[in-house]
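Colleague: Structure incoming, see below.
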Amino acid sequence: MKVILIKNAVETLGYFSEQLAETFQEMGHDTYFVDYDDLVNTVDGISRFAVPEKTVLCTFNFIGLSGEEVFIEENGRYIWENQGIACINILVDHPLYYHSKLAKPPVPEMRVFCIDREHVVYMKRFYPALPVEFLPLAGNCILEREVPSPIEGCHGQKQKHKNIPYQKRKYDIVFTGNYTPVEHLYREIDRQGAEYRTFYYEILEDMKAHPAVSIDRMLEAHIRKELGAVPDEELRAAIAGMVFIDICMRSYFRGEIIKCLAEHKIPVHVFGANWEKLDCSSHEYIIKNGREVDSVTCAEAIADARISLNVMPWFKDGTHDRVFTAMLQHTLSLTDDSRYLRENFTDKKELVFYSLEKREELPELVKKLLEKPEKCMEIAERGYESAVQEHTWKQRAEAILMDLVK
């Protein structure tokens, strides 16, 4: 089989794709990258690479399927359809972000993978015509880097990342990810009419009070309370129209968790943009790198930390790649929980859970962990053993191929 992947559209998703490509190649499959930094030439190469009915596009979040003119040919169809290329589309956000594309799929042959089991249920209910499966996110390995040669014109040597001994690591606790100021998001709500403002703020307060409830369940409850019985077709459109609620809650809890630690004088090294905009009285305990960082930099920061903090982006029956990336770097993963994580891991065995509802207990939990580095190291090592066997992009690539040959 031949596999086409995409890079340099969204950095993180390109990094996922590079790791998938390594496994596809190891399994004897040819791979080809469409490069957004060289779109014209690499799209032109698709027809030379692809073999009809024996080639698949493996993409994320509808990249290459979002109406980009470069992929649409003279007959108005995508190159994938014209070339007999099946499409695998991995959604790393809630399907509500992609309502218009899911309601009218861009190509006839498209399989969808969701990274949260509740997202799969949502898809089967609201978009039943599309085949969908669960595929959890995986951890990022630090791919080999080429060290430049001192001799001009010569290729450098590939250098593998070496595990940093736990006791010699630079950071106690890191968080990798950007911050979006919630005040900016609230201003968008404030531009609405009074009735809408009241409706949206009621939802936000309800979600703050009940963070274990998924976004679609919460939105549906409030829509039905306001409008009564609503047909599913109208309901899915209404839910999709409130995507900003999801963005608000992601940002709110991300900020609250970092602020909670900082205001208890626990230093947190944050790798990402806009953390200086967080409303916090103890910014001296939020050590910022001051810019957006790529996947390798995130993984390297985690690899030099004793604890990697995760705040789930409202995945209630899945997980974020930060959890498994930490495990693969022999770093203790400290995360809010989900049903999927609770089923697959035991608290204080392979990772450590904290509660969004009881986040006031987090500072004491972190202090106790930092006081017991030997115990943290044991948890980190058990996490590594689990992740390296079951939660790398190698296992996800194998799952994708198994689904294709069903």
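No lab work stands behind these numbers, since they all come straight from the coordinates. Note that this is a predicted model, so its numbers are computed, not measured. Note that each Cβ is placed from the backbone with ideal geometry, even for glycine, and that neighbours are counted across all protein chains shown.
Colleague: Around residue 15, under 12 Å between beta carbons, what's the net of Lys plus Arg minus Asp minus Glu among the other residues?
Modeller: Values: positive: 7; negative: 11, 18, 22, 294, 321.
That sum, taken over residues with Cβ under 12 Å, equals -4.
Colleague: Taking H as built 1.01 Å from N, whose amide H comes closer than 5 Å to the amide H of residue 31, not counting residues under 5 places away?
Modeller: Under 5 Å from the amide H of residue 31: 3.
Colleague: Let me ask something else about it. Per residue of the range 16-29, in order, report the coupling 6.51 cos²θ - 1.76 cosθ + 1.60 (Karplus, θ = phi - 60°) as ³J(HN,Hα) in whole Hz, putting x for Gly and Pro.
Modeller: 4, 5, 4, 6, 4, 4, 4, 6, 4, 5, 4, 7, x, 9
Colleague: Once phi is turned into θ = phi - 60°, what whole-Hz ³J(HN,Hα) does the Karplus curve with 6.51, -1.76 and 1.60 give for every residue of the range 346-360, x standing for Gly and Pro?
Modeller: Karplus-based 3J(HN,Hα) across the range 346-360 equals 10, 4, 6, 9, 9, 7, 10, 9, 10, 10, 5, 5, 10, 5, 5 Hz.
Colleague: Still on this structure, I have one more. Of the peptides 348-357, 14-23, how do they stack up when ordered by the mean number of other Cβ atoms within 10 Å, highest first?
Modeller: 14-23, 348-357
Colleague: Hey, another quick one. Could you tell me the calculated FRET efficiency between residue 389 and residue 2, based on Cβ-Cβ distance and R0 = 25 angstrom, to the nearest 0.05?
Modeller: The pair residue 389/residue 2 has a calculated efficiency of 0.30.
Colleague: Roughly how far apart, in whole Å, are the Cα centres of the range 351-406 and the range 273-292?
Modeller: Centre-to-centre (Cα) distance: 25 Å.
Colleague: Would you order 187, 306 from fewest to most other beta-carbon atoms within 10 Å of each residue's own beta-carbon?
Modeller: With the fewest neighbours first, 187, 306 line up as 187, 306.
Colleague: In whole Hz, with x marking every Gly and Pro, tabulate ³J(HN,Hα) for the range 31-38 from phi via Karplus 6.51 cos²θ - 1.76 cosθ + 1.60, θ = phi - 60°.
Modeller: Couplings: 10, 8, 9, 7, 9, 5, 7, 8 Hz.
Colleague: What is the magnitude of the charge dipole of the range 312-406 about its Cα centre, with +1 placed on the Cβ of each Lys and Arg, -1 on the Cβ of each Asp and Glu, and no other charges, expressed in debye to the nearest 20?
Modeller: The dipole magnitude comes to about 60 debye.
Colleague: Putting +1 on Lys and Arg Cβ atoms and -1 on Asp and Glu Cβ atoms, find which of 64, 335, 311 reaches farthest to the positive end of the dipole of the chain.
Modeller: 335
Colleague: Can I ask one more? Using the beta-carbon distance between residue 205 and residue 342 and R0 = 41 Å, what value does 1/(1 + (r/R0)^6) give for FRET efficiency, to the nearest 0.05?
Modeller: Efficiency for this residue pair is about 0.95.
Colleague: What does the charge add up to near residue 125, with Lys and Arg as +1, Asp and Glu as -1, over the other residues with Cβ less than 12 Å from its Cβ?
Modeller: Taking every Cβ under 12 Å from that of residue 125, the sum is -2.
Colleague: Using Stokes-Einstein with the Kirkwood hydrodynamic radius over Cα pairs, what translational diffusion coefficient do you get for the range 184-240 at 25 °C and a viscosity of 0.890 mPa s, in µm²/s rounded to a whole number? Don't skip to the answer; put the middle values down first.
Modeller: Details: Rh = 12.1 Å.
Once the numbers are plugged in, D ends up at 202 µm²/s.
Colleague: What does the extension gain come out to for residue 27 and residue 161, with contour length at 0.36 nm per residue minus their alpha carbon separation?
Modeller: Residue separation times 0.36 nm, minus the Cα-Cα distance, leaves 45.9 nm.
Colleague: For residue 133 and residue 284 in the same chain, what is the full-extension length gain: residue separation times 0.36 nm, less their Cα-Cα distance, in nm?
Modeller: That pair, residue 133 and residue 284, stretches by 49.9 nm at full extension.
Colleague: Hey, can you rank 391-397, 26-32 by average C-beta count inside 10 Å, highest first?
Modeller: On the way: 391-397: 21.4, 26-32: 13.9.
Result, highest mean first: 391-397, 26-32.
Colleague: Give, rounded to the nearest 20 debye, the magnitude of the charge dipole that the chain has about its Cα centre when Lys and Arg contribute +1 at Cβ and Asp and Glu contribute -1 at Cβ.
Modeller: 900 debye
Colleague: Collect residues whose amide H, placed 1.01 Å from N in the peptide plane, falls under 5 Å from the amide H of residue 271; neighbours closer than 5 in sequence don't count.
Modeller: Hits under the 5 Å cutoff: 175, 176, 177.
Colleague: Just order 188-197, 103-112 by mean Cβ neighbour count inside 10 Å, highest at the front, would you?
Modeller: My ranking of the peptides, most packed first, is 103-112, 188-197.
Colleague: Points 7 angstrom from Cα along the Cβ direction at residue 213 and residue 68: gap in nanometres?
Modeller: Placing both labels 7 Å along Cα→Cβ, they lie 3.9 nm apart.
Colleague: I've got another one for you. Amide H of residue 6 versus every other amide H placed in the peptide plane: which residues, excluding those fewer than 5 positions away on the same chain, fall under 5 Å?
Modeller: Sorted by chain and number, the residues that satisfy this are 34.
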